[in-house]
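Working notes, structure below.
The values are calculated or read from the model by the stated rules, or taken from the named source; none is laboratory data. Keep in mind it's a predicted model, so treat the numbers as computed, not measured. Every residue, glycine as well, gets a Cβ built from its backbone with ideal geometry; the counts of neighbours run over all protein chains shown.
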Amino acid sequence: MTTTRHKVSFCRTLAARVLPVLAAACLGACATPEPQSTSVAEMLQRPAEHSLVVGLRDYDDGSFEAAERALRESLSQGLRDPRDSAVAYKYLAFIACAFNRLTECEADFHAAFAADPNFQLTAAEIGHPVWGPVYQKVAASAHASQKPN
């Protein structure tokens, strides 16, 4: 009888110690791993991302022709993140609208939504008298097409 009690006691003790460890190991195996982050320096080594940064800098400097070239180049080189593609299209739309190329502006906003369905301008950007109304028209169309039937 003593032997049976010892065996039962031993099994319970073993289960109490091993089961939590096994459960933690199993749960850890099921957990989604943290996405690996990329440093800015590493990102700038990628041609498409580098061109995007150059295009944004040129835009901020008022060099719109150079910005347009760099932004188009970033898209043709294949930006890895769809949100970056949406940003490139956004600035291309701003440039097109500013130079009264409204059809091109609209197409660039459509491309931004195609790249990132969650794309949106800030309130200040929406308030711009030239590209604000074009964006609102395209956004309404994009949101209408996203609604389930």
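Return a yes/no flag: does region 89-98 have any residue that is within 19 Å of Arg57 (Cα to Cα), basic (Lys, Arg) and modelled with pLDDT of 95 or more. Yes: one or more hits.
Screening region 42-67 for residues that are among the hydroxyl-bearing types (Ser, Thr, Tyr) and in a helix (DSSP H, G or I) and picking the one that is surrounded by the most Cβ atoms within 10 Å (Cβ to Cβ) gives Ser51. The set of residues in region 40-53 that are modelled with pLDDT of 80 or more and over 15 Å from Gly78 (Cα atoms) comprises Ala41, Glu42.
Annotation: of all residues in region 68-78 being assigned to a helix (DSSP H, G or I) and not acidic (Asp, Glu), the one that is farthest from Tyr89 (Cα to Cα) is Gln77.
Scanning region 104-124 for residues that are surrounded by fewer than 14 Cβ atoms within 10 Å (Cβ to Cβ) and under 13 Å from Phe94 (Cβ atoms) turns up Thr122, Ala124.
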